[in-house]
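Remarks on the structure that follows.
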Amino acid sequence: MTTSMASRLTATQQRLREAARTAGRDPASVLLLAVSKTQAPDVIQTAYAAGLRAFGENYIQEAVEKQPLLPADIEWHCIGPVQSNKSKLVAEHFAWCHTIDSLKLAERLNNQRPSALPPLNVCIQLHVGGEDNKSGIGADEILEVAAAIAKFPRLRLRGLMTIPPASDDPTEQRRWFAEAREVYEQLRAQHATVDTLSMGMSGDLEAAIAEGSTMIRVGSALFGPRPVKAAALTA
């Protein structure tokens with residue numbers, strides 16, 4: 001592990017622990033998901049050697065190309081939008097999909113998930129903040145959609161994911177995270193499999209943990225500035 005990555009990982013883990021303790025939570029209750037989009041396999045291998053096992057990818061084709069070059073026990077999370085022509089790749093090559101934004105997508109993933117693999121863990125993407133450029137399902141529809149998803153045999157409903165409006169104000173950050181937590185608690189009360197609230201990134205992980213996040217998605221704080229995505233991996 002390079003010195004710079006080692007220091008970033010240590011600093012991120014310390015932030016996570018301090019945020020959890022400030023919130024009166026066990027740090028072990030929050031998973032650090034390393035966002036490795038556009039990172040080369042050797043960089044991911046270095047993070048793996050440091051002990052990280054869960055990696056999130058936004059670009060599906062890029063991730064599928066990298067996976068055979070890396071340890072088989074990595075837990076791959078799809079955290080980017082899933083177009084219909086990429087859903088089969090997600091169903092076949094990922095353990096998780098955080099970006100369920102329609103019942104149609106959930107049905108496709110269920111039908112395409114190989115029977116030899118365990119059910120695909122899924123989170124419904126909750127839309128908060130009213131931003132038109134972000135996908136997701138509104139709070140008023142979540143419970144109905146979740147009830148339908150819970151019936152799919154090749155999917156396992158695990159919870160919610162959300163990406164709130166960007167803000168440097170901790171009070172504003174917590175406002176949106178609190179809204180997501182409220183919906184999450186309603187969902188958890190109805191479904192025994194629900195245990196995951198995927199929210200918080202490098203710039204707002206403290207606010208997310210304070211509001212109950214169980215999984216933070218961290219890229220730049222771990223890997224530094226993101227490299228430009230290679231043209232060969234954009235398809």
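The values are calculated or read from the model by the stated rules, or taken from the named source; none is laboratory data. Since this is a predicted model, take the numbers as computed values, not measurements. All Cβ positions, glycine included, derive from the backbone under ideal geometry; neighbour counts span all protein chains shown. Please note that ligands, DNA and RNA were not included when accessible areas were found on the heavy atoms of the full protein model with its side chains. Shrake-Rupley method; radii C 1.70, N 1.55, O 1.52, S 1.80 Å.
In the range 84-132, what percent of the accessible surface is made up of carbon and sulfur (1.4 Å probe, ligands and nucleic acids excluded)?
Here carbon and sulfur together make up 48 percent of the probe-accessible area.
Counting Lys +1, Arg +1, Asp -1, Glu -1, what net charge surrounds ASN121 among other residues with beta carbon under 13 Å of its beta carbon? Before the final figure, lay out the partial values.
On the way: positive: ARG113, ARG154, ARG156, ARG158; negative: GLU75, ASP195.
Surrounding charge for ASN121 is +2.
Using a 1.4 Å probe, what is the accessible area per residue for the chain, in Å²?
46 Å²
Using alpha carbons only, how many angstrom separate the centre of the range 12-59 from the centre of the range 155-202?
18 Å
Once you place label points 7 Å from the Cα toward the Cβ at ARG154 and THR193, how far apart are they in nm?
1.4 nm
Using label points projected 7 Å from each Cα along Cα→Cβ, tell me how many nm separate ALA116 and GLU185, to one decimal.
Those two pseudo-labels are separated by 4.5 nm.
Could you list the trypsin sites (Lys or Arg not before Pro) in the range 1-99 that lie in coil according to DSSP, counting only those with at most 14 other Cβ atoms within 10 Å of their Cβ?
Values: sites: ARG8, ARG15, ARG17, ARG21, ARG25, LYS37, ARG53, LYS66, LYS86, LYS88; in loops: ARG25, LYS37, ARG53.
Here the sparse-neighbourhood loop sites are ARG53.
Pull up the cross-link candidates among the lysines for LYS37, meaning alpha carbon to alpha carbon under 30 Å and not fewer than 8 places away within one chain.
Filter leaves LYS66, LYS86, LYS88, LYS104, LYS134, LYS229.
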